[in-house]
Amino acid sequence: MAHERRRLHSPTTEAPAARYTLMALALLFLALFLLLPLAAVFIEAFRKGTGAFLASLGEPDTLAAIRLTLLVAGIAVPLNLVFGVSAAWAIAKFEFKGKAFLTTLIDLPFSVSPVISGLVYVLLFGAGSALGPWLKSHGIEILFAVPGIVLATVFVTFPFVARELIPLMQEQGTGDEEAALSLGASGWQTFRYVTLPNIRWGLLYGVLLCNARAMGEFGAVSVVSGHIRGLTNTMPLHVEILYNEYNFVAAFAVASLLAGLALVTLVVKTVLELHYGAEISAGRKH
Amino acid sequence: MDVSVKNIRKEFDRFPALNDVSLDIRSGELIALLGPSGSGKTTLLRLIAGLEQPTLGSIHFGREDASRKTVQERNVGFVFQHYALFRHMTVADNIAFGLTVRPRGARPEKAEIRRRVGALLEMVQLSGLEKRYPNQLSGGQRQRVALARAMAIEPKVLLLDEPFGALDAKVRKELRRWLREFHERTGHTTVFVTHDQEEALELADRVVVMSQGTIEQVGSSDDVYDRPNSPFVFSFIGDSASLPVELTDGAVCFDGRPIGIACRPDDIAPGKGTLFFRPQDVVLVDDPAAPALEGRVAASRRLAGTRIADLDIGRPGAPRHVEIEVPLDATAATGTNLRFRPTRWKTFAQ
């Protein structure tokens with residue numbers, strides 16, 4: 001009998017002992033490397049009470065960092081939204097030479113270290129570059145100023161929207177658009193009333209990830225920002241500065257804001273995947 | 001609206017999908033474009049709609065040169081193979097789409113649009129489903145919504161791409177009859193693409209048989225079935241058998257021997273050719289001395305009211321495979337020999 005019963009579980013399921021060991025390992029790993037640090041951020045932030053937490057967030061330099069981060073994301077995300085939709089449209093709906101090259105190019109920021117992405121702009125616009133002296137003589141500041149930070153962020157967050165939309169739009173094909181055109185709709189009407197509604201959840205998903213990365217980017221921004229307090233420090237850079245000054249409560253208070261953003265992103269992302277899985281390609285393909 | 005296609009050539013990446021195709025469609029006609037995949041039938045339909053631009057040639061709607069117009073200006077009703085219904089819009093919004101996107105001056109009022117949508121839904125027998133979404137409909141219902149949506153813009157021509165391709169056999173038969181009635185009621189010039197010859201022969205006033213980017217034959221169902229004008233049409237439409245023959249001295253010979261059929265005026269000139277006949281157009285020959293085709297029965301099977309015999313004809317080394325219909329009471333045991341001759345046939349030069 002015992003022999004019979006052992007054989008009853010499905011062939012692709014392991015024995016209970018193996019299953020529980022695997023689950024325990026995974027949970028332990030998660031707790032150790034993800035949950036514990038996350039909890040530490042919040043514990044450290046509130047170590048000296050809510051008052052100290054709020055006071056450190058109220059610091060002018062911290063407020064400036066928050067404002068700058070919002071500004072940079074506010075510029076980079078819409079830019080990449082427009083770029084992502086147009087690139088995805090071009091790649092998914094047209095045939096042209098160099099299409100495979102463009103697709104590869106879009107992925108470039110994913111494969112390059114963010115520090116290199118930042119350095120590229122230093123080489124392009126720095127004092128030693130060909131453009132540098134001309135920019136300086138015309139009073140245009142790019143490096144160690146807001147434009148440089150925006151450029152670096154745009155570069156790093158470049159693929160999120162496009163990568164999300166390309167497989168989605170390829171799968172949907174051009175049938176709906178052709179139907180709209182044959183019914184007399186103009187190109188803009190077709191985009192507005194047919195294409196956009198078809199991709200809306202995928203687009204929201206891409207924008208969400210793009211925004212999370214834009215606000216959290218450290219490496220590339222660190223290279224171009226110059227770390228000027230109250231002027232060119234974004235939130236992640238500000239966290240580092242505060243931490244290096246042993247101002248732990250303030251550092252973790254700002255960090256907790258970023259962690260909070262991550263949690264909100266995660267929840268919205270999960271909700272999107274749950275309800276609109278069919279209209280989001282990333283949920284299945286990444 | 002008459003539609004005339006004049007010397008159309010269409011290349012994709014320098015590969016011709018259509019080569020010098022001309023076709024006149026009369027006003028109110030129901031036309032089927034029939035052919036195997038890759039024959040260019042869908043390309044021709046899309047060219048008429050304006051979804052593709054011809055490399056050479058022109059398309060006229062009545063006296064107007066439609067090939068100078070965009071797809072929006074052509075005012076055609078196009079029904080896509082997979083319907084292409086807008087999934088985020090209700091059935092009513094889908095049907096109204098062509099009217100609501102019109103510029104303000106040409107757009108009917110809201111109440112008028114609602115009335116027209118109601119009338120169209122009634123016409124396609126879907127009243128009461130206004131508020132449904134496409135994914136809440138069956139395949140046949142979606143097809144009819146797509147048709148109503150195309151009809152809403154009062155098109156000059158109705159174009160349907162494989163209209164029943166994605167439906168199961170039963171629904172397909174029902175919709176086929178329904179479309180025929182619909183066409184008789186509305187009288188629109190209608191062109192549809194199909195690879196299903198039964199569908200084309202049953203439904204269309206005229207069938208356009210296409211192969212490899214050219215039109216092989218245009219004619220009624222009777223024309224293309226009874227009077228095929230090329231070996232392709234003969235073998236593509238209906239069942240058929242073909243044999244290499246030689247015409248000499250007024251007789252048709254196979255393997256150097258007369259097979260008991262005399263040349264007629266519409267047969268090819270003396271010389272080598274191919275003989276085509278249909279399995280049901282044969283008669284068994286009992287007299288062993290009379291000239292006839294002789295074949296060894298490889299297999300025989302009962303098919304509804306008839307029996308089909310698979311014959312191997314000709315030299316044992318390289319037999320020709322031919323299927324013929326034999327009477328139910330005929331003995332067609334495997335391995336025995338059967339003698340027959342075609343009663344209706346056609347010869348084509350090689």
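Within the stretch B:85-98, the set of residues being facing another protein chain (nearest Cβ under 9 Å) and over 32 Å from the mean Cα position of the chain (by Cα) comprises B:H88, B:M89. Among the residues of the stretch A:156-166, are any away from chain B (no Cβ under 14 Å), over 30 Å from B:T100 (Cβ atoms), in contact with a Leu (Cβ under 6 Å, 6 or more places away or on another chain) and crowded, with 20+ Cβ neighbours inside 10 Å? Within the stretch A:156-166, one or more residues are away from chain B (no Cβ under 14 Å), over 30 Å from B:T100 (Cβ atoms), in contact with a Leu (Cβ under 6 Å, 6 or more places away or on another chain) and crowded, with 20+ Cβ neighbours inside 10 Å.
Within the stretch B:148-157, take every residue that is touching a Leu at 6+ places or on another chain (Cβ under 8 Å) and either over 10 Å from B:M123 (Cβ atoms) or open to solvent by less than 10 Å² (accessible area, probe 1.4 Å) (or both) and give me the one that is farthest from the other protein chains (Cβ to nearest Cβ).
Ranking the candidates gives B:A148 first.
Taking the stretch B:53-84 as the search range and keeping residues that are more than 8 Å from chain A (Cβ to nearest Cβ), on the phi > 0 side of the Ramachandran plot and in a loop (DSSP other than H, G, I, E, B), which one is surrounded by the fewest Cβ atoms within 10 Å (Cβ to Cβ)? Applying the filter and picking the extreme gives B:G62. Reported count of residues in the stretch B:99-112, each being open to solvent by less than 20 Å² (accessible area, probe 1.4 Å) and either within 14 Å of B:M151 (Cα to Cα) or away from every other protein chain (no Cβ under 13 Å) (or both), is 1.
Quick check, is A:R213 surrounded by fewer than 20 Cβ atoms within 10 Å (Cβ to Cβ) and closer than 24 Å to A:I75 by Cα?
Numbers: surrounded by fewer than 20 Cβ atoms within 10 Å (Cβ to Cβ): no; closer than 24 Å to A:I75 by Cα: yes.
The answer is no for A:R213.
Of all the numbered requirements in (1) of a type in the set (G, A, S); (2) more than 10 Å from chain A (Cβ to nearest Cβ); (3) farther than 21 Å from A:E95 by Cα, B:G38 misses one, and that requirement is (3).
Being open to solvent by less than 60 Å² (accessible area, probe 1.4 Å) and more than 18 Å from B:R257 (Cα to Cα) is the filter here; which residues of the stretch B:287-304 pass it? Give the steps one after another, and end with the answer.
Keep residues of the stretch B:287-304 that are open to solvent by less than 60 Å² (accessible area, probe 1.4 Å), which gives B:290, B:292-293, B:295, B:297-300.
Scanning the stretch B:287-304 gives B:V297, B:A298, B:A299, B:S300.
For the stretch B:119-147, how many residues meet the condition of being within 16 Å of B:R176 (Cα to Cα) and either within 14 Å of another protein chain (Cβ to nearest Cβ) or aromatic (F, W, Y) (or both)? Result for the stretch B:119-147: 5. Screening B:N135 against (1) in contact with a strand residue (DSSP E or B) (Cβ under 6 Å, 6 or more places away or on another chain); (2) surrounded by fewer than 17 Cβ atoms within 10 Å (Cβ to Cβ); (3) not β-branched (V, I, T) leaves a single unmet condition, (1).
Please enumerate the residues belonging to the stretch B:158-172 that are among the acidic types (D, E) and away from chain A (no Cβ under 12 Å). So that I can check it myself, show each step before the final result.
First pass over the stretch B:158-172, keeping only residues among the acidic types (D, E): B:161-162, B:168.
B:E162, B:D168, listed by residue number.
Only one entry of A:L108, A:L123, A:L119 meets the criterion of being closer than 18 Å to A:A76 by Cβ and open to solvent by 60 Å² or more (accessible area, probe 1.4 Å), and that entry is A:L108. Note on the stretch B:87-199: enclosed helices (runs of 4 or more DSSP H) holding 2 or more residues that are free of Cβ contacts under 8 Å to residues at least 12 places away in the same chain are B:110-123, B:169-186.
The values are calculated or read from the model by the stated rules, or taken from the named source; none is laboratory data. These numbers were taken from a predicted model, which means no experiment stands behind them. Glycine gets a Cβ as well: all are built from the backbone with ideal geometry, and neighbour counts include every protein chain shown. In case anyone asks, the SASA skips ligands and DNA or RNA and just uses the protein heavy atoms, side chains included. Shrake-Rupley method; radii C 1.70, N 1.55, O 1.52, S 1.80 Å.
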